[in-house]
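Student: Structure incoming, see below.
The values are calculated or read from the model by the stated rules, or taken from the named source; none is laboratory data. Just so we're clear, the structure is a prediction, and the values are computed from it rather than from any experiment. Quick reminder, even Gly has a Cβ in these numbers, built from the backbone with ideal geometry, and neighbours come from all protein chains shown. In case anyone asks, the SASA skips ligands and DNA or RNA and just uses the protein heavy atoms, side chains included. Shrake-Rupley method; radii C 1.70, N 1.55, O 1.52, S 1.80 Å.
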Amino acid sequence: MSSWEAQLKATIDPVVRRSKTVDAIVVGSGVLDQVAPLLTAHFGATKVVLVADDKGFDAAGQQVEALLARAGIAVTPHIFPADPRLKPSVENASDIVEAVRRAGGLPVAVGSGVINDLTKYATFQLDQPFFCVATAASMDGYASAGAPLSDRGFKHTIPCAPPRVMLADLDVLANAPAEMSGWGYGDMAGKLPAGADWIVADALGIEAIDDVAWPLVQNNLRDWLSAPTAVAAGDPQAMAFLFAGLVISGLAMEFHGSSRPASGADHQIAHLWEMEDVAFGGVPVSHGACVSLGALSVAALYDWLLTQDLSGIDARTIVGRRAALATEEAEIRRRFGESNIALRSLVETRAKYPDDTVLFARIEHIKAIWPTLRERLAGFLMPMPELRSMLRQAGVVTDPLQVGISRAHHKDSVLAARFIRKRYTILDLLNDLGLLDSAVASCFGPDGVWSPTDTPLRHAASGS
Ligand SMILES: [Zn+2]
């Protein structure tokens with residue numbers, strides 16, 4: 001075993017031991033050969049339902065099927081068409097439930113984000129464990145205890161158990177389209193502003209930082225992000241660490257019981273676009289690309305916030321001027337109509353709307369701790385231009401125009417994102433301080449990061 005493989009094992013193994021649901025994560029070159037022994041050892045399986053889409057079946061499914069057949073394990077394939085791209089919906093998960101009920105056997109998901117999420121949800125309905133063969137380091141959901149699926153139009157994370165055993169063959173991951181590892185890198189980069197959001201919520205006494213989940217993600221994050229060009233080139237070592245980081249982030253969510261350790265306002269902006277089915281050239285924009293753009297949006301807001309001196313803010317004036325709950329509700333209906341997004345946003349927004357006394361005390365508290373909090377955030381965050389340059393090197397989109405999201409649409413999404421979740425983020429902090437509009441106006445103004453005349457279209461990057 002090479003030194004980096006030993007290091008990888010040393011990172012993953014203690015996390016797996018701590019997990020109540022994941023028994024094994026096997027990452028390495030040529031490990032696909034272990035699929036049958038692992039199935040036997042962990043499940044005693046003699047019969048499986050292989051869930052994949054056409055692309056996943058070509059990438060590894062066929063090989064898995066042959067290896068299992070050779071080991072005397074019966075395989076019923078359940079293959080979705082990959083074109084048009086498979087949707088992460090409750091309806092598609094129900095198809096898997098039916099297929100497994102019909103054929104019987106252990107579900108084996110061969111694929112990346114959508115296939116894994118659908119199988120995860122389906123097996124939870126069936127009260128069965130499952131096995132996952134990863135085909136790309138494209139997102140952090142492999143090991144998370146939840147599946148972000150759309151249920152009649154509203155995307156939310158439905159609690160369900162991760163695969164009991166996960167296998168990632170680096171030769172398979174390296175053969176995935178290069179843009180897919182860029183998406184994984186983008187999803188990973190979101191953990192930086194998401195961490196800042198958690199620092200804020202912790203400092204305000206709203207949601208304490210968790211001693212287990214925080215270090216799992218944040219203590220290694222800069223290492224996982226340190227080699228964007230190697231990720232873009234499909235370097236096995238870089239892919240292994242990216243995959244490990246994504247999987248460990250998922251497990252951190254499992255330990256914490258929510259996605260807070262890995263998702264903040266960056267993901268709220270991304271989810272908004274995903275729920276709108278944002279597409280470019282007819283292809284849905286990937287989760288990782290949306291998170292990359294969400295992360296940069298939030299990083300830019302933090303850059304702005306860190307330049308502010310909050311000592312002159314008058315809490316009474318802000319409380320007096322802020323939008324009443326009824327106005328917030330009207331704003332939600334104006335933006336989202338009567339959709340499920342609107343209904344969900346009303347619930348989430350009501351749940352976090354502070355009364356006047358709470359808001360007054362919160363603003364006073366922010367003013368009092370701001371010099372310390374600002375220093376802590378500045379030490380933690382990476383300036384937006386630096387993050388953007390790393391994301392560019394990883395080959396993921398860094399400007400919404402590249403995926404057809406106009407400046408006006410982008411700006412509007414940043415303003416709307418706080419409604420969809422009660423989780424406290426920089427968007428709420430800015431809103432509580434009466435500064436959200438100024439911060440957004442500055443980022444999108446003539447001298448802002450996204451000035452209307454900025455950045456021509458560079459390249460298209462979309463997909464699953
Ligand atoms: Zn994500």
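Student: Using a Debye calculation, one point per C-alpha and no hydration shell, please list log10 I(q)/I(0) for the stretch 3-176 at q = 0.08, 0.12, 0.15, 0.16 Å⁻¹ in order.
Tutor: -0.21, -0.49, -0.78, -0.90
Student: Read phi for every residue in the stretch 178-186 and hand back ³J(HN,Hα) as whole Hz from Karplus 6.51 cos²θ - 1.76 cosθ + 1.60, θ = phi - 60°, with x for Gly and Pro.
Tutor: Couplings: 3, 5, 5, 5, x, 5, x, 5, x Hz.
Student: Okay, moving on. Heavy atoms only, 1.4 Å probe, whole protein assembly: order D309, D432 by accessible area, highest first.
Tutor: From most accessible down to least: D309, D432.
Student: Over all alpha-carbon pairs in the stretch 182-319, figure out the percentage whose distance exceeds 28 Å. Show your work: numbers first, answer last.
Tutor: Values: 2274 of 9453 pairs.
When all Cα pairs of the stretch 182-319 are counted, 24 percent exceed 28 Å.
Student: Related question: Between A71 and D171, what's the calculated FRET efficiency when r is the beta-carbon distance and R0 is 25 Å? Round to 0.05.
Tutor: Working from the Cβ atoms, E equals 0.80.
Student: Can you pull the one-decimal nm distance between simple spin-label points at K20 and Q308, each 7 Å off the Cα toward Cβ?
Tutor: Taking the simple label geometry, K20 and Q308 are separated by 4.0 nm.
Student: Under a 5 Å amide H to amide H cut-off, with H placed in plane at 1.01 Å, what residues pair with F280 once short-range neighbours are removed?
Tutor: For F280, the qualifying residues are V285.
Student: So, one more: What share of the DSSP beta bridges in the stretch 62-214 is antiparallel, in percent to the nearest 5?
Tutor: 40
Student: How far apart, in nanometres, would the label points at E207 and T229 be if each is projected 7 angstrom from Cα along the Cα-to-Cβ direction?
Tutor: According to this spin-label approximation, the distance is 3.7 nm.
Student: Okay, moving on. Once the convex hull of the C-alpha atoms of the stretch 86-145 is built, how many Å³ does it hold per residue, rounded to a whole number? Walk me through the numbers on the way to the answer.
Tutor: Details: hull volume 4.7 nm³, N = 60.
With only Cα atoms used, the stretch 86-145 gives 78 Å³ per residue.
Student: At 0.36 nm per residue, minus the direct Cα-Cα distance, what do Q62 and R316 gain on full extension? Give it in nm, one decimal, please.
Tutor: Details: separation 254, 0.36 × 254 = 91.44 nm, distance 6.56 nm.
Length gained between Q62 and R316: 84.9 nm.
Student: Further question on the same structure: Express the C-alpha Rg of the chain as a ratio against the empirical globular expectation 2.2 N^0.38 Å, rounded to two decimals.
Tutor: 0.97
Student: Additional query: Full extension from A323 to I369: what is 0.36 nm times the residue separation minus their Cα-Cα distance, to one decimal in nm?
Tutor: 14.1 nm
Student: Continuing with this model, one more query. Below 8 Å, C-alpha to C-alpha, sequence gap of six or more: please give me the relative contact order for the chain in percent.
Tutor: 16
Student: Can you send over the solvent-accessible area of W214, 1.4 Å probe, protein chains only, in Å² to the nearest 10?
Tutor: About 50 Å², rounded to the nearest 10.
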